[in-house]
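The values are calculated or read from the model by the stated rules, or taken from the named source; none is laboratory data. Everything quoted here is computed from the prediction, not taken from an experiment. Please note: Cβ atoms are built from the backbone with ideal geometry, for glycine as well, and neighbour counts cover all protein chains shown. Just so you know, the surface numbers come from the protein's heavy atoms only, side chains and all, with ligands and any DNA or RNA stripped out. Shrake-Rupley method; radii C 1.70, N 1.55, O 1.52, S 1.80 Å.
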Amino acid sequence: MTQHQSLTPRPAAADRSERRRSLVRAALAVTAAAGLGITAAGVAGATGTGAAASTPTCSVAGLSASFGQQLAGGMNHQGVVLKLKNVGARTCLLRGYPGLGLENGTHRTLPSTTHWGDTWYAKSPAKSTLTLHRGQSAEAVVAWTHANTGTSDAVHASYLQVTPPAATSHKTLKFPQWVDNGDLNVTALAYRIPVDG
């Protein structure tokens, strides 16, 4: 005996309800897939920044400091290109401005103020993160005005303190200069800074 299975037709309302449920399920699936894509992109982004974050900031011990081109000009202006070179074993990062200070002949700190930005000789580049491989250098331009020995408020320095960005100690360079009011101007660090003078 053959069995016949009869299919009872669904009411139209039931069909509409099922279609709505199907659309909701499809929308949820698309949203979930998009969320997974965002999560994957986030993980990829985090991995990329993690790689950059693994490169350390240049330490004072891993850098040498020296003077490059000497700069002169009218109206008692004077300046010099300051170089920071990676002499460490690892690639490292520098970003921003060096800190500066003045010392006398016995290495006593003298009153001084450092101004970050443009100088008489060069426009300051925008702050950027510099990757220094072993042997590679970054530079900044230091400028000041100099007075004669008898000028009031002139500071007679023998050494310049140079503090790399993010550091808490400094290098010391010979700097036998008169500096008006102890005011020093310095640009941000860059691989190369065009200078006038």
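Out of all the residues in region 144-175, which are within 23 Å of the chain's Cα centre (by Cα), in a loop (DSSP other than H, G, I, E, B) and among the hydroxyl-bearing types (Ser, Thr, Tyr)?
Thr168, Ser169
Which of the residues that make up region 115-133 are in contact with an Asp or Glu (Cβ under 9 Å, 6 or more places away or on another chain) and open to solvent by less than 40 Å² (accessible area, probe 1.4 Å)? Before you say what the answer is, go through the steps one by one.
If we filter region 115-133 for residues that are in contact with an Asp or Glu (Cβ under 9 Å, 6 or more places away or on another chain), which is where we start, we get 115, 120-122, 124.
Residues satisfying the conditions are Tyr121, Ala122, Ser124.
Any idea how many residues of region 71-88 are open to solvent by 50 Å² or more (accessible area, probe 1.4 Å), at pLDDT 95 or above and either in a loop (DSSP other than H, G, I, E, B) or over 19 Å from Lys123 (Cβ atoms) (or both)?
Filtering region 71-88 down to residues open to solvent by 50 Å² or more (accessible area, probe 1.4 Å) leaves 72, 75-76, 83, 85, 87.
Now narrow it down to the ones that are at pLDDT 95 or above: 83, 85, 87.
Cutting the leftovers down to either in a loop (DSSP other than H, G, I, E, B) or over 19 Å from Lys123 (Cβ atoms) (or both) gives us 85, 87.
Result for region 71-88: 2.
In the list Val179, Val141, Val155, which residue meets the criterion of being open to solvent by less than 60 Å² (accessible area, probe 1.4 Å), out of contact with any Asp or Glu (no Cβ under 6 Å at 6 or more places or on another chain) and farther than 19 Å from His107 by Cα?
Details: Val179 fails: farther than 19 Å from His107 by Cα; Val155 fails: farther than 19 Å from His107 by Cα.
From the options Val179, Val141, Val155, the qualifying one is Val141.
Among the residues of region 158-176 satisfying the criterion of being among the polar types (S, T, N, Q) and touching a strand residue (DSSP E or B) at 6+ places or on another chain (Cβ under 9 Å), which is surrounded by the most Cβ atoms within 10 Å (Cβ to Cβ)?
Taking region 158-176 and keeping what is among the polar types (S, T, N, Q), we get 158, 161, 163, 168-169, 172.
Filter once more, keeping what is touching a strand residue (DSSP E or B) at 6+ places or on another chain (Cβ under 9 Å): 158, 161, 163, 169, 172.
On the way: Ser158: 17, Gln161: 23, Thr163: 18, Ser169: 10, Thr172: 14.
Across region 158-176, the extreme among qualifying residues is Gln161.
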